[in-house]
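The values are calculated or read from the model by the stated rules, or taken from the named source; none is laboratory data. Model, not experiment: these values are computed from the prediction. All Cβ positions, glycine included, derive from the backbone under ideal geometry; neighbour counts span all protein chains shown.
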């Protein structure tokens, strides 16, 4: 540890950023302030609620600042007055202007949930699952003007399994991101700035923001694609589909390995079999076995329990 701890500022908002904030708090450096988005309406009462990062910062007795934008001169002056050595940004949700990027002595670091340059943008976790990627990871990036365009300082990869959901991959990458923050700070403490590796433009892809319109399953699509959609959109925005005239949310499903033969000459959306093992539905290619559903206004149930209310669907193999 140098004679004087680094002066750090942290900027983040959702759950994904909380492990990285914890890593900063555990680093032994001086966390001067935490920036997070203003309280937003949440829950059934739509009352303003603090972000997960704000809650964690207040619990650690760290000053919290919640500007609507970082573009205003007074906001930038307030940040500059903190004289930060480094700003660490994790899923903050607000754009950092060039003037802000230039304030900290070592610039701004960002944790991004993909192996850049693949999946720059808003929803890299879900887009990686949707695309059928076998691997993803996190990058610690030196922030620059542009959308996730800065050079990569550190990275860590992880496999995407065929059971990973948006939720499980989110949590794993949040943990890996925190580990990179800790490693980066450790190197900087020792006087070693991690080498900045420019991104290759040849591999750039963009992870567009999730749209609820995408949550509607189309039985004309292949079963493999629909299964990935269910996994990627769990828990949000979820997926919806019609099963024999009943509109439900599907929260767990899997493609059948032998589904191609089972769905031949069957219209997509046809219930082929239904038992406590699941509800098998013909798709444009293959068969999707629905394992968990949720009816409007109800809780999540297994496909077997759903059949208790829909005995007309029972079609044993």
If you take just the strands (runs of 3 or more DSSP E) that sit entirely in region 206-317, which of them hold at least 3 residues that are under 29 Å from residue 122 (Cβ atoms) and assigned by TED's automatic domain parsing to the domain that holds residue 128? none
Which one of these does residue 95 not meet: (1) at pLDDT 95 or above; (2) not in a helix (DSSP H, G or I)? (1)
Over region 34-64, the set of residues surrounded by 14 or more Cβ atoms within 10 Å (Cβ to Cβ) and either touching a helix residue (DSSP H, G or I) at 6+ places or on another chain (Cβ under 6 Å) or farther than 20 Å from residue 16 by Cβ (or both) is 34, 36, 52, 53, 56, 64
Based on this model, can you work out whether residue 237 counts as surrounded by fewer than 20 Cβ atoms within 10 Å (Cβ to Cβ) and within 30 Å of residue 155 (Cα to Cα)? yes
Scanning region 36-75 for residues that are free of Cβ contacts under 8 Å to residues at least 24 places away in the same chain and in a loop (DSSP other than H, G, I, E, B) gives 43, 44, 45, 46, 50, 61, 72
Which one of 167, 174 is assigned to a helix (DSSP H, G or I), in the same structural domain as residue 17 (by TED's automatic domain parsing), in contact with a helix residue (DSSP H, G or I) (Cβ under 6 Å, 6 or more places away or on another chain) and modelled with pLDDT of 95 or more? 174
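Listed residues 315, 249, 276, 289; which is out of contact with any strand residue (DSSP E or B) (no Cβ under 6 Å at 6 or more places or on another chain) and either farther than 29 Å from residue 132 by Cβ or modelled with pLDDT of 95 or more (or both)?
Just one listed residue meets the conditions, 276.
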If you go through region 125-137 one residue at a time, do you hit one that is part of a loop (DSSP other than H, G, I, E, B), loosely packed, with under 14 Cβ neighbours inside 10 Å and either at pLDDT below 95 or not assigned by TED's automatic domain parsing to the domain that holds residue 104 (or both)? no
Evaluate region 10-27: report whether one residue or more is farther than 20 Å from residue 172 by Cβ, touching a helix residue (DSSP H, G or I) at 6+ places or on another chain (Cβ under 9 Å) and part of a strand (DSSP E or B). yes
For region 151-166, which positions are within 23 Å of residue 13 (Cα to Cα) and either crowded, with 24+ Cβ neighbours inside 10 Å or under 15 Å from the mean Cα position of the chain (by Cα) (or both)? 165, 166
